[in-house]
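Working notes for the structure below.
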Amino acid sequence: MTPTTGGNTTGGTTPREASTGNRDVREIVRDEQIMRRRILAALVDGPLTVPEIAAAVERPSHEVMFWVMGLRKYGWLAEIKEATDEGYYRYQVVEREGS
Amino acid sequence: MKYDALVVGSGIGGMESALKLGDMGYKVLVVEKESSVGGKMILLSKVFPTLDCASCISTPKMAATIHHPNIDVLTYAEVEGIRSDGNGGYHATIRQKPRFVDEAACTGCRQCEMACSVAVPDEFNAGMVSRRAAYIAFPQVVPKKAVIERAGVSPCIFNCPAGIKPHGYVALVRSGEYDKAFDLVLETTPLVGSLGRACYAPCEDECTRGELEGPLPIRRLKRFIADARYGRDDAPPVEKPEPNGKKVAVVGSGPAGLTAAWQLARKGYSVKIFEAAPKPGGMLRLAIPAYRLPNDVVDNDVANVTAIGVEIATDTRVDDIAALKNGGFDAVLVATGTHKAVQLRVPGEDLDGVHSALDFLRAVKLGETVDLAGKRVLVVGGGNVAIDAARTARRLGAASVDQASLECCEEMPAHDFEVEEARAEGITLHDGWGIDHFTGEDRVHGAELRVCTCVFNPEGRFHPEYDESQRMSLECEVVVVAAGMSADTDAFGLETNGNRTLRADPDTLQTAAPHIFVAGDVVTGPTMITTAVGQGRRAAFMIDRYLHGAELDRAAFDEALPVVDKGDVLGRQDVYDRREPLESAAAMSAAPTDFGETEGPMSEVEALDGAARCLDCGVCSECHACLDACPADAIKFDMQGEEIEAEVGSVILATGFKLFPADAKPQYGYGRFKNVITGMQMDRLLAPTRPYNAVLRPGDGKVPDNIAYIMCTGSRDETVENPLCSRICCMYSVKQNQLIMGALPLADVTVYYIDIRAVGKGYDEFYEQARGMGANFVKGRVSGVTETDNGNLVLRYEDIENGGSLTEAEHDLVVLAVGVQPNADAQLLFADGELALDDYYYVGEADEDLNPGQTNLPGVFVAGSASGVKDIPDSILHAGAAVAQAAAHLEKAKVKVPA
């Protein structure tokens, strides 16, 4: 028996192109900085759920989750306490210096 | 360093071992590779079966470990090797990795993290959210000190002769911080706009993205931030430092002189530049045509220098360098460049109508009348200056422009893109031809050319050879010769080299006269703008040291980490999204008539798209935002790693375990289906320091209401070569079931299992409690998972308790109860094969039944899950056994270090 390695441990191999909608997590996370302004702009008129933000910025919801949660972690966004009837929280811009 | 015991790893087994030994009075060294003690336990939500808060019971042990008087802890350090001392003890070599943060000064305020421009997956949140390159791993981290993750220097930074941080300003552009990006370049040079247009961008040659679709438009991003700053009416003023009372003269206002003056002025020096030309800028002003570098851009760059208080005296030629000292200058920098044209030395070169390219370009740039309308122009040379001259002649209305180059096209010193652009503008290139002589009586009428068969001799020296049988004649009214440039240094009274460049120490740039320094092309001969900028920075650094009485010879200038390996960078991702490089913005005309810029500006969208392609090679971008943000001045980019040798009486290996990589069971869809997560990820979602605001689906943020658990993922499974039961999966899943039902009272929880192993005090009761709360346990192994359009997941399983039929069930979130794997790294600490592992690659216990914790090596013990998976109480118990073994060994061997 040898320890099994997962797919994300293939250092040094020839990079492959991502199939549509399945980007590497590292790549998605790297885009957080550039998506910040677009997401904050989408929220100017009020709080939105993740799928609504995804529609506004025209990116997949699972990628928007990374960005919204990253922006929440670093104080740009905050959730509204009650979830919608469909089971989604809405996120709003936090007033801060530079926002 | 001498210790009774070395404990490798600071999870619960390591901490317990260290604390018990410390309490017994032994001196203990704990080495932890992460930036905090605590291991995996501190990242858990609660522990089973008591449902105590994992943080609440971990943090006191973490603090006790750090503060124990008999325990020293090295976090962010790795044991590189352990070898016997032959006396029952061991020597350990430990590498303390640099945090790039002064631990004593850091207050753990996270300001660096908040300002950081680089986002990477947060491994402490199981990759479900981002962290920053500058980070504090998690809120309960002990010690609470930041770390800056640096994998090395990014290739773009490493390859910039000027010392600019391209990765840094690209990352700041990506964050929309255009002003900060501009200011970062200003830290190096005031020539932001000029370099944004005229730099040949060696950074782009080494950009790792070039291994994919093509490099980032790094130079044009610099132009973008310069345009953004210079286009503002409310640009922030340059801050003037307090004068330090010392004066420096700079002779020459090219890239080296301006950069040196800027750097010295920033340190409070009173700086005066003496420039022989009517306007400052050197080659930027006098040679590079306006279609590449408009004068107003140079003006803006020079204005940075004057704004900080540097005085520039133009039309002021300095011949006697030594005499400047009498003018009250404490030091002098000579940066006069290479403004003297090299002659061809062929017959007819002195005819009217034959000009040097430098004189020609200078006249045009200074607005003098140069009438080429209707004239046939021959440009001689194959370098960038020749190309500039040819394209300039085209714009001045020449009837035709021919260019003769000794080198064939592939060998021409000019850049390929410039040759292409010249051709696109209608210049006829005769490559591989040399001038034999110019024809004409008083004025030049043409040139006789012959084929050049070889430009350099075998030693690499310029020594052209010709085929005299192959000749041609070209008629022309004007000849522009670009045969090279040299320094004009005869009058300076300084030592020179054979090529008239000034002689100086290549590292300190100090001449034989201690107060006179030199920089730029006048030292190196003609090079790139960035090289001259780098020389100017170096000279300013050395002059500052000289005037402070500091030693120059061993001064560390631009000391950097090694460059990061591109293969390592590309290996960080399995797949790459294709992102097309920005196309060239050069708008070419076959018959250009003016000196308007050929390259258009970047739009903001283009700039952001371009910056978004950056791969963050070095991880930290060196944008210096953390330096500005840190209120404690704790960021230390020059921090070095350290190798530590320790003599220890015994070793306890507490290196823990690894989690099974869930994507190694592809039928469950982990990594492809966004709502399939691992047990560790669910634990993070349930923890108080969770990555989300609640338990949510990663696919879309929906609160799940029908959650499935698939047990034994990667354990008890011969298909992944792991026949062992992972022991903890059943109970952590049961724990999570209860926590989910508490957090989401309306959610259904279904557990697909083979059998439930609840062996331990109170464990079966804990399991029954979960059932009683409503968790649905279905006996059946799941064979596969598929995804529906709404992100829900359909599980296909054998329903064993209902006849064994194949059944499907839909859920909106699936948790894989992943098993654990051995951490075989412990074996690497010893010489090859010295430390025995068991049949399953865990650290072997020589006599597991009667002598737990004892490895095959005397004095080396194993604690916790490093010897086989254990839950927390068993890990603590096992650590106690290892401690007892170690204490017995220490007493027996009498290797205890006296207090």
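Scanning the stretch B:568-618 for residues that are away from chain A (no Cβ under 14 Å) and among the charged types (D, E, K, R) yields B:GLU583, B:ASP594, B:GLU597, B:GLU599.
One residue stands out among those in the stretch B:829-838 that are assigned to a loop (DSSP other than H, G, I, E, B) and among the aliphatic types (A, V, I, L, M): the one that is nearest to the chain's Cα centre (by Cα), which is B:LEU829. Scanning the stretch B:793-813 for residues that are assigned to a strand (DSSP E or B), exposed (fewer than 14 other Cβ atoms within 10 Å of the Cβ) and not hydrophobic (A, V, I, L, M, F, W, C) gives B:SER805, B:GLU808, B:GLU810.
Among the numbered conditions (1) modelled with pLDDT under 95; (2) farther than 22 Å from B:GLY549 by Cα, the only one that B:ASN326 does not meet is (2). Quick one: in the stretch B:743-769, which of the residues that are in a helix (DSSP H, G or I) and either over 48 Å from the mean Cα position of the chain (by Cα) or aromatic (Phe, Trp, Tyr) (or both) is surrounded by the most Cβ atoms within 10 Å (Cβ to Cβ)? So the residue we want is B:TYR767.
Can you give me the ranges of the helices (runs of 4 or more DSSP H) entirely in the stretch A:23-99 with at least 1 residues that are within 7 Å of chain B (Cβ to nearest Cβ) and of a type in the set (Ser, Thr, Tyr)?
On the way: elements: A:25-30, A:32-42, A:50-57, A:61-73.
In the stretch A:23-99, the matching helices (runs of 4 or more DSSP H) lie at A:61-73.
For the stretch B:723-742, does any single residue satisfy the condition of being in a helix (DSSP H, G or I), among the aliphatic types (A, V, I, L, M) and farther than 17 Å from B:PRO688 by Cα? Checked against the condition, which is being in a helix (DSSP H, G or I), among the aliphatic types (A, V, I, L, M) and farther than 17 Å from B:PRO688 by Cα, the stretch B:723-742 yields at least one hit. Scanning the stretch B:658-688 for residues that are facing chain A (nearest Cβ under 10 Å), under 32 Å from the mean Cα position of the chain (by Cα) and on the phi < 0 side of the Ramachandran plot gives B:LYS658, B:LEU659, B:PHE660, B:PRO661, B:ALA662, B:ASP663, B:ALA664, B:TYR670, B:ARG672, B:PHE673, B:LYS674.
Are any of the residues in the stretch B:619-635 of a type in the set (Asp, Glu) and more than 14 Å from chain A (Cβ to nearest Cβ)? Can you show your working first?
Going through the stretch B:619-635, the residues of a type in the set (Asp, Glu) turn out to be B:622, B:628, B:633.
Within this subset, residues satisfying the condition of being more than 14 Å from chain A (Cβ to nearest Cβ) are B:622, B:633.
For the stretch B:619-635, residues of a type in the set (Asp, Glu) and more than 14 Å from chain A (Cβ to nearest Cβ): present.
Residues in the stretch B:619-673 that are out of contact with any Gly (no Cβ under 9 Å at 6 or more places or on another chain), part of a helix (DSSP H, G or I) and of a type in the set (A, V, I, L, M, F, W, C): B:CYS626, B:LEU627, B:ALA629. Please work out if B:ALA694 is under 24 Å from B:ILE136 (Cα atoms), surrounded by fewer than 17 Cβ atoms within 10 Å (Cβ to Cβ), of a type in the set (Gly, Ala, Ser) and over 33 Å from the mean Cα position of the chain (by Cα). Yes, satisfied. Taken over the stretch B:106-126, the criterion of being in contact (Cβ under 8 Å) with a residue 60 or more places away in the chain and over 17 Å from the mean Cα position of the chain (by Cα) is satisfied by B:CYS106, B:THR107, B:CYS109, B:GLN111, B:MET114, B:ASP122, B:PHE124, B:ASN125, B:ALA126.
Residue count for the stretch B:839-862, restricted to those that are in a loop (DSSP other than H, G, I, E, B) and either buried (at least 17 other Cβ atoms within 10 Å of the Cβ) or under 42 Å from the mean Cα position of the chain (by Cα) (or both): 11. Note on the stretch B:226-255: residues that are in contact (Cβ under 8 Å) with a residue 60 or more places away in the chain, among the aliphatic types (A, V, I, L, M) and touching a Phe, Trp or Tyr at 6+ places or on another chain (Cβ under 9 Å) amount to 5. Can B:GLN827 be described as closer than 19 Å to B:VAL7 by Cβ and within 14 Å of chain A (Cβ to nearest Cβ)? In short, yes.
Test B:ALA181 against the criterion of being among the hydrophobic types (A, V, I, L, M, F, W, C) and within 14 Å of chain A (Cβ to nearest Cβ), and give yes or no. Considered against the rule, which asks whether it is among the hydrophobic types (A, V, I, L, M, F, W, C) and within 14 Å of chain A (Cβ to nearest Cβ), B:ALA181 comes out as yes.
Screening B:VAL380 against (1) surrounded by fewer than 20 Cβ atoms within 10 Å (Cβ to Cβ); (2) out of contact with any Phe, Trp or Tyr (no Cβ under 6 Å at 6 or more places or on another chain); (3) hydrophobic (A, V, I, L, M, F, W, C) leaves a single unmet condition, (1). Number of residues in the stretch B:454-490 that are at pLDDT 95 or above, closer than 21 Å to B:ALA414 by Cα and not in a strand (DSSP E or B) equals 1. Is it true that B:ALA826 is assigned to a helix (DSSP H, G or I), modelled with pLDDT under 95 and surrounded by 18 or more Cβ atoms within 10 Å (Cβ to Cβ)? Here the answer is yes, as B:ALA826 does meet what is asked. Screening B:ASP683, B:ASP638 for residues that are within 14 Å of B:ILE740 (Cα to Cα) and either surrounded by 24 or more Cβ atoms within 10 Å (Cβ to Cβ) or in contact (Cβ under 8 Å) with a residue 60 or more places away in the chain (or both) leaves exactly one candidate, B:ASP683.
Taken together, the criteria exclude B:ILE644 from residues that are more than 8 Å from chain A (Cβ to nearest Cβ) and buried (at least 19 other Cβ atoms within 10 Å of the Cβ). Being crowded, with 24+ Cβ neighbours inside 10 Å, in contact (Cβ under 8 Å) with a residue 40 or more places away in the chain, in a helix (DSSP H, G or I) and away from chain A (no Cβ under 11 Å): is that true of B:MET711 here? No; evaluated as a whole, the condition is false for this residue.
Please tell me if B:LYS27 is basic (Lys, Arg) and surrounded by fewer than 21 Cβ atoms within 10 Å (Cβ to Cβ). Please lay out each step first, then the result.
On the way: basic (Lys, Arg): yes; surrounded by fewer than 21 Cβ atoms within 10 Å (Cβ to Cβ): no.
For B:LYS27, the condition - basic (Lys, Arg) and surrounded by fewer than 21 Cβ atoms within 10 Å (Cβ to Cβ) - is not met.
Across the stretch B:431-445, the qualifying residues are those that are crowded, with 17+ Cβ neighbours inside 10 Å and touching a residue at least 40 places away in the same chain (Cβ under 8 Å), and the one among them that is nearest to the chain's Cα centre (by Cα) is B:ASP431. Evaluating B:GLN821 against the criteria (1) within 39 Å of the chain's Cα centre (by Cα); (2) part of a strand (DSSP E or B); (3) under 25 Å from A:ASN22 (Cα atoms) leaves one unmet condition, (3).
The values are calculated or read from the model by the stated rules, or taken from the named source; none is laboratory data. Keep in mind that what you see is a predicted model, and the values were worked out from it rather than measured. Don't worry about glycine lacking a Cβ; one is built from the backbone with ideal geometry, like all the others, and counts go over all protein chains shown.
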